[in-house]
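Below is one structure; the comments refer to it alone.
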Amino acid sequence: MAPNQHVLLSPAELAYLHEALSLTPPIRPDGRAPTQFRPLVAETEILPGTNGSARICFADGTEAIVGVKAEVERTRGYHGDDEEEGGEEKREQEREGQDEWVELTVEIPGYREDDASTAFLAAMLSEALLADGGFAKKLWINRRFHWKLFLDIILISPPLSYPLPLLSLTTHLALLSTRLPRLKSEGDEDPFFDDDWAAAPYLYPQGTATTRPPITLLVMAVGRNIIFDPTKEELAVADVVLAVSVGEAATDASSTKGKGKAPGRSLRLLSVRTVDPPSRVTPPGVPNATNSAYGIAASAQKQPEARTVEAQAVEGVWRAPRGGAKPAVMAALVQKVLERGGVADEVLDALDAVELG
Amino acid sequence: MPITITAPKAVRPSYAAADNASDDSDSDASSDNGAADLEGDIPMASSRRKEDKSYSIVTPGEVITDDPQWMRGHGTFVSPSTSAIVSSVAGTITRTNKLLSVRPLRARYTPEVGDLVVGRIVEVQAKRWRVDVGASQLASLPLSAINLPGGILRKRTETDELQIRTFFAEGDLLVAEVQQLFSDGGAVLHTRSLKYGKLRNGVFVAVSGMGGGSGVVRSRRQVWTMEAANGAGPLDIVLGVNGFVWISKHVETPEALIAETKSATTGITNLEESVSTTMYSSQNDRIGVETMREISRIRGVVTALVENGLRVDEDMLVRGYHEAVEMAMLGEGPDDIYLGGERGEQLAAALTGV
C-alpha cells in the first residue's frame, strides 16, 4: 500500500512503462488521458448508525467506506462562569475550534494501524481537513460543550494502488452528507437537541456558497508529463509524486467582486506533501553488453561475479531516477491542479453531482 | 471530462426481478423467519435467497442443507456435531444428482501439469527460484529446469549457481510450464523450450485465472501472435492459465538467429536444446509509438472483458480487439484507446450481442 513499498516489477517492464509515459502525449497502460481518473461508483449515507457516511469503489474492486460519528464532549479549559456574558456578537467571536476535536483513523487491510504508511495517510488527510481552521469551528456548540467528530476511514479491499485519492474523495462525500442534530438549548446551558433527524442540519450547508471539505489529489510526473490518479504500476516509474490538497475558497463578497463572474471556482491550496516514489528502490536493468547470460558465447566470457555494475544510460534499460525533484516540475504539478477549470475543479463538480442520501 | 462518478447499480436487477416474479409470497416468509433484520438495513441480495433456487450464492459457514440425502462435494464440509452440509467458500451451489458442491466466485489458481503460466520471481534461493503464479503457494523453478546459456545442452556448474541472479532476479517475469505437482498442490515449473523464458518489450496485467468466474480459461492456444491495427506490427500475447497476461511487441524468434550462426550444428532435432541468445536479456528493443498504443488497447480489452464478466481467450480477445479498433475509428477525440467504464460496457455489449 505504501508508495515506497517494494514494488516487484521487472526491469524490462519498468523500462517499457517509463518510455510509454514519457512520450507526448503519454500512453498510459490502461489508455487513460493524463488527467483522466478511473471511473468511480459512489453513494452516500450507506451506514444508518452514523451521522454521515459514503462509499466509493473503482471498477477493479478497490473500495473504501467512511463513517462519521459525532459525540458531545465537554470542552476542556472552561472554568465555570467566571466572566459575565458579553452579548451575542462576542459569543460568535468566541466560536473557535481545536484540532483535537476531530479524530481521524485510517484502516488498511493487512497493515497495522500504527504502521508508518497508514499514519502518514491519516496525517495527510487530517492535515488538509484542519488546514483552514474553519472545520473545527463548525463543531462548536457553546463555550462548555463541543462536538467531537470521529472519522473512520476503512479500505475494505486490498490496496491495489496507493489509496490516498480514493480515501480523500470518500471522506469528502461522507463529510458532505454529515448531519448533526439541531440544537434546541440556548447559551451555555447543557446542550439539548431536537430528536427529529429530518430537521438535523448538514455540517456543510448545501446550496449556499460556503466552504466544502478539501480534496487531496495524487499527482505524479514522468519527465515533463503530469499524470493524475496514477496506478501502482505508474507510480513505480514516477520521478516525482505529490499529494496536493485543495479546498474551495470561501466566496465572500470581498473576494468575488474583483473577479466578477469567472468560470470555475476559486481554489485554495491547503497543503502539499511529497510522497517518496517507489521508483527509487527499483532494481536497475542490465544492458545486453554487460549481461553475462546474454549472447551466443555467453559461457565463454563468463564473469565470475554475479553482481551487476550500473553503467551509463542505455536505451531500453531501466535506471532508477536519481537526485531530487526539479522545482520547476513541482511548481508545474501544483499549477496544473489549481488551474481554473482544471482537474480539481472538475473533480469537485463531479462530486457535487453525487446525490446525498 | 477527467472523472466520472456514477451511482451504484442495483444488485443483479434481472435476477431479483425474476425472484420476485416467481413467487412473492416467499419474500414475505423470509422476512419473518427469525433472521435479524435491523431497521433501515440495506436489503441484501442474500436475504432473498431461497433454498430451492437453482442460482443462489452461499457464504462460508452457511448451512446449505441438513437433509441427510445429499452428499457433500467440492467447496463444502460436514460439520462434526451435526450432519448438515456447510459451505466452505463463497460461491454458487451446483448439484449433480445427489451431490452438492459449491463453485467459488473467486478462487486462486490451482496448478495442473502442462499448464502454461506466467509468473514473477519473488525469491531467489541457492538452486532454485520461487515464482508467484497466483496459486496458494509459490511455485518453484529449479536451476536444473532452465536452459542455460552457452548453446549446447550442458550440465549446470557451480558457476551457474553462483550467478543465479543473472538468469532470473527478483521481479522478473517469465513464461513457463508446470512440470510436476507436489502432493500439497505446489508446482514445479520448467522453461526448457524456446517458447518459454524471460519476458520483455511489453506490459503485464493480472486478471483472475482458472478457478472461478470470468478470466482466462484453458483453451487450445494460450500464446499467439496477432497483427495489430494502425501499422503497429505483430504483437505477441501470452495468456497464462493462471490469469497472468503478457502483451508485447513481437520480436523475431531466435531460431533464425541461431540458424544463421550455427547452421551446421543446429538441426531440427536439437533446436529445442540450443538456447535462445536473447533469453535472459532485460533490455527492451526499440518499440514504436503505434505499437505502444496498440499494446495499451489490448490491455484495455483484457480488463474490459474481465470487468464485464466475460471469459478471456484467443477468440474473445481477437474479436474484442477488432471491435475496439472499430469503436475508436467511429468515435473521435484523442482518448481512443481508453476502454474503461462505459466504453468497456459498450465493448462487452457488442461482443455478447453477436
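See the values below:
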{"quantity": "Modelled FRET efficiency - R0 41 Å, A:Leu183 with B:Arg106, Cβ distances, 0.05 increments", "calculated": "0.25"}
{"quantity": "Over 24 Å between alpha carbons, listed pairs A:Lys148/A:Lys232; A:Lys148/A:Lys336; A:Lys148/A:Lys184; A:Lys232/A:Lys326", "calculated": "A:Lys148/A:Lys232; A:Lys148/A:Lys336"}
{"quantity": "Residue among A:Tyr162, A:Val106, A:Ser185 farthest towards the positive dipole end of the range A:87-200, charges placed on Cβ", "calculated": "A:Tyr162"}
{"quantity": "Lysine pairs meeting the criterion (Cα under 28 Å, 8 or more apart or interchain), as found in the range B:80-203", "calculated": "5"}
{"quantity": "B:Glu161 versus B:Phe182: modelled label distance in nm, points set 7 Å from Cα along the beta carbon direction", "calculated": "2.0"}
{"quantity": "About the Cα centre, charge dipole magnitude for the range A:87-179 (Lys/Arg +1, Asp/Glu -1 at Cβ), debye", "calculated": "380"}
{"quantity": "Cα-projected label distance for B:Arg311 with B:Ala349, points at 7 Å along beta-carbon direction, nm", "calculated": "2.5"}
{"quantity": "Contact surface A-B: accessible area buried, both sides summed, square angstrom, 1.4 angstrom probe", "calculated": "4800"}
{"quantity": "R0 of 56 Å, Cβ-Cβ distance A:Arg224-B:Ala126: FRET efficiency to nearest 0.05", "calculated": "0.80"}
{"quantity": "Probe 1.4 Å, protein heavy atoms only - accessible area per residue of the range B:120-176 in square angstrom", "calculated": "39"}
{"quantity": "Efficiency of FRET from Cβ geometry, B:Ser83 and A:Glu339, R₀ 51 Å, rounded to 0.05", "calculated": "0.15"}
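The values are calculated or read from the model by the stated rules, or taken from the named source; none is laboratory data. Being a predicted model, the structure only gives us computed values, none of them experimental. Counting neighbours? That spans all protein chains shown, and the Cβs are built from the backbone with ideal geometry, glycine included. Only protein heavy atoms, including side chains, enter the accessible area calculation; ligands, DNA and RNA are left aside. Shrake-Rupley method; radii C 1.70, N 1.55, O 1.52, S 1.80 Å.
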